[in-house]
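Here's the structure, in structure tokens; my notes come after.
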Amino acid sequence: MSIRKEGVRVGYLYGFSDDPVVAALEFNEKGCLVQIPSERIDVEEALSDGMSGIPDEMVFKDSYGALWLASSRIARTRFDLRGEGQCNIQVDRIVESDFSESSFKVIVGMKTIIDGLYQWSGVEYPVVSIDCSDVGGQAVEIRVKNIPSIELQGPMGSKLSTSIIPLLRRFTGWIGLDYRVHFQTSSAELRPWDDHARFHGMMQDMMCLVYGKPCAVKIVNVSNDIKSSVKGAEVERRWAEVHEPEFGYVSRHVERMNPARDHPLFKYDDMDPKLFSDFMRAWDSWSKPLRIATTTLFQAGATVEAELIQIAVALESLGFEIQRRRGVNHAKNPEFEALVKEIVNDFISKDDEVDRRFRSELLCKILQGAKPSGKGMKNSDWVKCFKDAYLGAKHADRELPDPYASYVFARQGFELIRVWFGKKVGVDGRLLAKNLNLD
């Protein structure tokens, strides 16, 4: 069963008031709009904030099924002085439900599709066999063998799960297969929705760093304990379809990652599984600097100076966290140069001398690959020039940096964070140097 999104659906809305109310529901680019005609709107309440308190969850039921609604807000209310009017509610989160009293405020599982995840995972297409041995030509048997899920050994039972969806076009005889790789989290007990969503945001951030492009995420399903309406029946766990267009970073106004054109800096098999697992489990520590950096990819129309400031803050935050995890006691705010130096040192530190050399060469490639001045510079000189440009864009009493220099420094800082991430999860420096493209 899937959510019917075509046309206007008319049914009853439960949870909005003490009694069910007639409502019309129509899907839009942000979720859906619920329209409630009313002859009893209190004029004084409508003019104040009295109608802003929408219930945390509601259920819409019609002849097509039931929908669980959450993350709602008043869109607009129309009324006349007689109190006759219409209340419109914008709903951001819709979950396919049944006619039981199940709630999805707490769940046991979540699945999402993320741009680039399929290519990064390295999974191969499933084995497809076609049997046309039927002598009479009355049937053709197609068998598809799925591959096992990839356990990531991360928090919340995170793994890469695969699914195969048959695509049939009526009247044309066309048959296809939609093969998908999902990022999936699972918990033994019911956990709040946001607990699961946080780790899906983590994977979206990681894909943005892997590709250096805006990677959109789409929530597909959530799993919950479904309470049957039949008395004495056991609690059932099943996956329900979700419609939440603004889940994760919204990429409506930016050019998303293109799998045919954009290639990953490294793939899943290039990492050390244990280091990747450790990195995911320490996400609370790394999330702040990395999210500051990746959000620049989704800010369409932002000035180069704004991006420079944001990347500089991400570098400061990352260097500060590296120091904190080393046990450095910050008696005062450390200098920008010292924090960036922490990233550089953490990046090139490696017992393998060959890999250390390639990391050092890769660092030079990043810092000299696109030079504002057209000349190479030492690492220390680059940090100083970056700081001058950063402070010039940030402070009113400093000289504004050249726009091209701001663009180049912001990009170099972002690439430094990308390769640092690759180093942190155990990717070989030679592979990073080979795959990094600064053109």
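Every read-out reported here was derived from the displayed coordinates using simple, explicitly stated rules and does not represent laboratory data. These figures come from a predicted structure and were not determined experimentally. Backbone-built Cβ (ideal geometry, glycine too); neighbour counts: all protein chains shown.
The T303 and I165 beta-carbon pair, evaluated with R₀ = 45 Å, returns a calculated FRET efficiency of approximately 0.60. 3J(HN,Hα) along the range 12-26, derived from phi through the Karplus expression 6.51 cos²θ - 1.76 cosθ + 1.60 where θ = phi - 60°, amounts to 10, 9, 9, x, 6, 9, 4, 10, x, 10, 5, 8, 10, 10, 9 Hz, with x in place of Gly and Pro. Extending 7 Å from the Cα toward the beta-carbon at both Y64 and N345 defines two label points whose distance is 6.0 nm. Put simply, the amide H of S102, placed in the peptide plane, has neighbours under 5 Å in K227, leaving out anything fewer than 5 places away on its chain.
Length available on full extension from K288 to A188: 0.36 nm per residue minus the Cα-Cα distance, which gives 33.2 nm.
With a Förster radius of 51 Å applied to the beta-carbon distance between Y404 and R76, the computed FRET efficiency rounds to 0.70. Taking a quarter of the surface of the Cα convex hull of the range 151-215 gives a mean projected area of 6.7 nm². Multiplying the residue separation of V140 and D178 by 0.36 nm and removing their Cα-Cα distance gives an extension gain of 11.8 nm. Label separation (C132 vs I147): 2.8 nm, computed from points 7 Å beyond Cα along the C-beta direction.
For the set K30/K105; K267/K341; K332/K384; K341/K434; K288/K424, the pairs lying more than 22 angstrom apart at their alpha carbons are K267/K341; K341/K434.
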